[in-house]
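Below: the structure, in structure tokens.
The values are calculated or read from the model by the stated rules, or taken from the named source; none is laboratory data. Just so it is clear, the structure is predicted and the values come from calculations on it, not from any experiment. All Cβ positions, glycine included, derive from the backbone under ideal geometry; neighbour counts span all protein chains shown.
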Amino acid sequence: MRGRLLVAACAVALLAGCAKPRPPLYLWESFPRQQYDALQRGGAGAQEQIAALEEHVVKARAQNAALPPGLRAHLGMLKLSIGDPGEARQLWLAEKLAFPESAPYMDQLLKRLDGPAAKTEKPA
């Protein structure tokens, strides 16, 4: 009985060791560190960050991998910082679509982007 149990345990361990690991849900790479550095104001300039994030997007698409939460939003903030509000808007709308839980924050950013001249919707 003990021998069978040992053989079964070894077989399970061997099969578990051979199992293909699940790929990560998102292609994170250096995004969290880059975002941290940018928020600490010690990182690269906006143009360099934009180039790195856009390269990240291209790599993710080539690997058919999902972009991590916040990447589009952060890229939108960077685009706004260099004077491209149209691209910022598109990125924030894309973030909202990809991650519906981000909608309240994205809506707030979009509202601020529109400024005080924006029309508010009134319930019918």
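Observations on the model:
- If the condition is being under 11 Å from the mean Cα position of the chain (by Cα) and farther than 14 Å from ALA51 by Cα, then the stretch 69-93 contributes PRO69, GLY70, ALA73.
- Residue under evaluation ALA19, criteria (1) over 14 Å from the mean Cα position of the chain (by Cα); (2) modelled with pLDDT of 90 or more, criterion not met: (2)
- Taking the stretch 49-65 as the range and being part of a helix (DSSP H, G or I) and either closer than 14 Å to PHE31 by Cβ or among the hydroxyl-bearing types (Ser, Thr, Tyr) (or both) as the test, the residues that pass are GLN49, ILE50, ALA51, ALA52, LEU53, GLU54, GLU55, HIS56, VAL57, VAL58, LYS59, ALA60.
- Within the stretch 71-84, the only residue that satisfies the criterion of being exposed (fewer than 15 other Cβ atoms within 10 Å of the Cβ) and touching a residue at least 12 places away in the same chain (Cβ under 8 Å) is ILE82.
- Taken over the stretch 66-124, the criterion of being more than 15 Å from GLN47 (Cα to Cα), at pLDDT 95 or above and in a loop (DSSP other than H, G, I, E, B) is satisfied by LEU67, PRO68, PRO69, GLY70, PHE99.
- Filtered residue count, the stretch 22-43, keeping only those that are at positive phi and at pLDDT 80 or above: 1
- Residues of the stretch 34-63 that turn out to be free of Cβ contacts under 8 Å to residues at least 12 places away in the same chain and within 19 Å of SER81 (Cβ to Cβ), as a count: 12
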